[in-house]
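Here the structure comes first, spelled out in structure tokens, and everything after it is commentary.
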Amino acid sequence: MKHSETRPDPMQVLRQIASEARRRTLFRVYLGYARGVGATTAMLDEGRRRRRRGTDVVVASYRVHGNADVALRELDVLGSARRRAGDKPLDVEAVLARNPEVVCIDDLAELDEAGRPRVEHVSRLLAAGVTVLATVHLLSIRSMASAYAAMLGATASGGVIDDSVLESIDELELIDLTPEDLLQRMREQPVLRPSELAVAMQRELRLTVLEALRESAFRVIAEHADRQLVGFMRESGVREPWDVRGRIVVALPVRQGLENRIRRAATYAAMQDAKFSVVSVRTQKATEEQKEWMGGYAALTHQLGGEFVHLHGRSVARTLVDYVHDSLATEVILGHRRRNRWMPGDTTSTVIRRLSGVDVHVLRVDR
């Protein structure tokens, strides 16, 4: 075979690489812990950077304060009129017809022209090969909205997105600004109308509230990084724990009266700033009474911010050890043994022998 016949066409290779790069999409979200921190500005700035590099970028929806023409300079706005309004709703069909490489969507929790949350359209855009740059407000996340409802005196206005949406985000970036600087910006710039600012200063713009919101935003970012790291480790076949945030597994036997054990474990997890899971392993079918116990334990665990897991297996120890490895737990809490003597074949002994790189705590006998 001649050398010229084996050498690929350079232009064909270039087109193939460009095609493969075009198909790689990304879902990137900018998280703001309060109004005015600059999440929308960060998204638009990233759109400008990509446009300057030759990427086809279009702004599909936005809400800006002040001069819209200045905020959207150098950017192609979908269906843009000569004079741009301060906000623009999302028209996903127009985006798909335009078929850009990158689309900017402001506030995923807001509704589109058909009355559906904007976040519901992200999967269609990604499937069409469009990279999505978006923003989301901390209080637009369902768990955060519920957690701060009492502090704010009411549920935050606007739509909310399920926490599960965070799992589909490829890159989540916190747009950070100290509460003091944010309050100064709100006073100096026309982010809110004077009447709105006066109300907000008594609610979500109180210094103590802003500090709490900022801390919660950092936690959301840490949990997202933790999920991505755990996913990467599982895909890579890593079974040894690699600490980002502690993961505690509490083994719970199938019997009555273990509520205090769950509460103690939750308190310990909170002190360690760790996640915790309560795991119950059954080797045979549960009775109705046992199901009632487990239901109560599950409700209590969820109330305390943990995860309750039911497992089935022929061996309690082996099933528990497999779960600890798969979940990349860093600590395990076992209940006390009822025997006075140490039995080498019991559940506690087997778990300790089979686990490596994981701290095992054995609770003392309850008095």
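The values are calculated or read from the model by the stated rules, or taken from the named source; none is laboratory data. From a predicted model like this one, the values you see are computed outputs, not experimental measurements. Note that each Cβ is placed from the backbone with ideal geometry, even for glycine, and that neighbours are counted across all protein chains shown. Protein only, heavy atoms only, side chains kept; ligands, DNA and RNA dropped before computing areas. Shrake-Rupley method; radii C 1.70, N 1.55, O 1.52, S 1.80 Å.
Per-atom-type breakdown for segment 162-222 gives carbon and sulfur 49% of the accessible area (1.4 Å probe, protein chains only).
Within the shell defined by Cβ-Cβ distances under 14 Å, the residues around residue 314 carry a net charge of +2, with Lys and Arg each +1 and Asp and Glu each -1. Relative to the current alpha-carbon distance between residue 208 and residue 256, full extension at 0.36 nm per residue lengthens the span by 13.1 nm. Rolling a 1.4 Å probe over the heavy atoms of the protein chains gives segment 101-235 an accessible area of 49 Å² per residue.
Annotation: per residue accessible area for segment 272-341 equals 57 Å², rounded to a whole number [probe 1.4 Å, protein chains only].
When Lys and Arg each count +1 and Asp and Glu each count -1, what net charge do the other residues less than 11 Å away from residue 333, Cβ to Cβ, add up to? Cβ neighbours under 11 Å give a net charge of 0. Once the Cα-Cα distance is subtracted from the 0.36 nm per residue extended length, the residue 199 to residue 291 segment shows a gain of 28.2 nm.
Contact order, relative form, for segment 192-321: 21 percent (alpha carbon pairs under 8 Å, 6 or more residues apart, mean separation divided by residue count).
Once C-alpha pairs closer than 8 Å and six or more residues apart are averaged by separation and normalised to the residue number of segment 103-144, the relative contact order reads 47 percent.
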